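Please read the structure below before turning to the comments.
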Amino acid sequence: QVQLVESGGGLVQAGGSLRLSCAASGRTFSSSAMGWFRQAPGKEREFVAAIRWRDRIAYYAASVKGRFTISGDNAKNTVYLQMNSLKPEDTAVYYCAATIRVLMTVQPSDYDYWGQGTQVTVSS
């Protein structure tokens, strides 16, 4: 069984920074990409960022581009999300995910493994 565990969430003031981490454990697997999604109360889960291991190309949602940076280690199935210049609208539960089927995707349904989520709250 594969487990993804996120950490690093918390409460921060607008303009501040947080760094989320996600580490895999359990059964060994080789992911083609890992990503971050978020879900605010009453809203659907939305894509935030993803990194394709083959060439380490990163993709970002327009709402976070220039403020968030995704990085990681594919050998360890570990991914990070550095979040700068945080805004109240970034408040959500953040989930990491891994896909073994697709090289790069922004669709939640294409991801095979998910973490339990970590809360990020940005106060104004």
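The values are calculated or read from the model by the stated rules, or taken from the named source; none is laboratory data. In this text the structure is predicted, and so the values were computed from the model without any measurement. Here the Cβ positions follow ideal geometry from the backbone for every residue, glycine too, while neighbour counts run over all protein chains shown. Calculation scope for accessible area: heavy atoms of the full protein, side chains included, ligands and nucleic acids excluded. Shrake-Rupley method; radii C 1.70, N 1.55, O 1.52, S 1.80 Å.
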## Note on the structure
For segment 108-123, Karplus-derived ³J(HN,Hα) couplings (6.51, -1.76, 1.60; θ = phi - 60°; whole Hz; x for glycine and proline) come out as x, 5, 8, 8, 9, 10, 9, x, 7, x, 9, 7, 10, 10, 10, 8
### Task
Determine which aspartates and glutamates satisfy two conditions relative to Lys76: a Cα distance under 18 Å, and not lying fewer than 8 residues away in the same chain.
Glu6, Asp55, Asp112
### Query
Accessible area per residue of the chain at 1.4 Å probe, in Å²?
51
### Message
For segment 66-89 and segment 1-31, what is the centre-to-centre distance using only Cα atoms, to the nearest Å?
### Response
9
### Low-density loop positions, GluC sites (Glu not before Pro), segment 1-103 - DSSP coil, at most 15 other Cβ in 10 Å
Glu44
### Task
Determine the share of segment 28-124's accessible area contributed by carbon and sulfur atoms, expressed in whole percent, with a 1.4 angstrom probe.
48
### Query
Rounded to the nearest 20 Debye, what is the dipole magnitude of the chain about its Cα centre when Lys and Arg each give +1 and Asp and Glu each give -1 at the C-beta?
200
### Task
Give the residue from Leu4, Asn77, Ala62 lying farthest towards the positive end of the charge dipole for the chain; charges sit on Cβ (+1 for Lys and Arg, -1 for Asp and Glu) and the dipole is referred to the Cα centre.
Asn77
